[in-house]
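This report refers to the structure that appears directly beneath it.
The values are calculated or read from the model by the stated rules, or taken from the named source; none is laboratory data. Values in this document were obtained by computation on a predicted structure and should not be read as measured data. Every residue, glycine among them, receives a Cβ derived from its backbone with ideal geometry; neighbour counts consider all protein chains shown. The accessibility values were calculated without ligands, DNA or RNA, using every heavy atom of the protein model including side chains. Shrake-Rupley method; radii C 1.70, N 1.55, O 1.52, S 1.80 Å.
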Amino acid sequence: NSGTISNNTAATYGGGIYCLVGVIGSEDPAEGLDSSKCKVYLNGGTISGNKATNGSGGSVAVFQLPIYCEENAEGIKVFDNESMNKGGGLFIDEGSVFTMNSGNVYKNNCTSASSEGGGIFCRGSVMNISGGVIGGEGGANTAYNGAGIFLHRSTLVMNNGLVSSNVAGQNAGGIYLK
């Protein structure tokens, strides 16, 4: 429920953490692609200063598995991360489920002229938000489109939480739906 992942660099995905079904978090890697055994919990600590220099997911890139920011946890802080293309903070892709009940995602940046999702990029996945802050007083997430959250072919269920003070170069400072 604490710890720090900081100042790491990857060329393509996940400057801080890269998660692919059957690889990270599996109880038995020999079981292959079983997403029921692969989960990512971000329940406290910080993920900051990470970069995906030519790709996506400055701090975390997750493919086809669940990722949780638990309600009764101290709350993760994801800030000052950077990617070139998508998801300066979090990159959530194809068949993942992201549940955010607490935490802060702020001051993350996507650098390219066509970038998407400064705070969170979510494609082909489900995003449930019932707490936490994306942007806000901690500082703006920035991207060309969808500075706070960019959703592509995804479902967003938001019952609480805050998306504010994010800055887009073109469209949707808060939430972009495509």
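Kindly indicate whether G136 is touching a residue at least 60 places away in the same chain (Cβ under 8 Å), touching a strand residue (DSSP E or B) at 6+ places or on another chain (Cβ under 8 Å), within 16 Å of S102 (Cβ to Cβ) and not aromatic (F, W, Y).
No, not satisfied.
Out of the residues in segment 107-132 that are among the hydroxyl-bearing types (S, T, Y) and open to solvent by 10 Å² or more (accessible area, probe 1.4 Å), state the one that is modelled with the lowest pLDDT.
Once the filter is applied, the top-ranked residue is S130.
If I ask for residues that are open to solvent by less than 40 Å² (accessible area, probe 1.4 Å), among the small types (G, A, S) and within 13 Å of N108 (Cα to Cα), which ones from segment 149-171 would you list?
Within segment 149-171, just A168 meets the criteria.
I'd like to know if segment 133-148 contains one or more residues that are surrounded by fewer than 16 Cβ atoms within 10 Å (Cβ to Cβ) and at pLDDT 95 or above.
no
If only one of G95, G58 is in a loop (DSSP other than H, G, I, E, B), touching a Gly at 6+ places or on another chain (Cβ under 7 Å), farther than 26 Å from S165 by Cβ and at pLDDT below 95, which one is it?
G95
With respect to G87, is the statement that it is surrounded by 21 or more Cβ atoms within 10 Å (Cβ to Cβ) and modelled with pLDDT under 95 true?
Working: surrounded by 21 or more Cβ atoms within 10 Å (Cβ to Cβ): yes; modelled with pLDDT under 95: no.
No.
State which residue pairs qualify: first residue in contact (Cβ under 8 Å) with a residue 12 or more places away in the chain and inside segment 165-178, second residue open to solvent by 60 Å² or more (accessible area, probe 1.4 Å) and part of a strand (DSSP E or B) in any location, beta carbons under 6 Å apart, and separation of 6 or more residues or different chains.
From segment 165-178, the pairs are G169/Y144; Q170/Y144; G173/V167.
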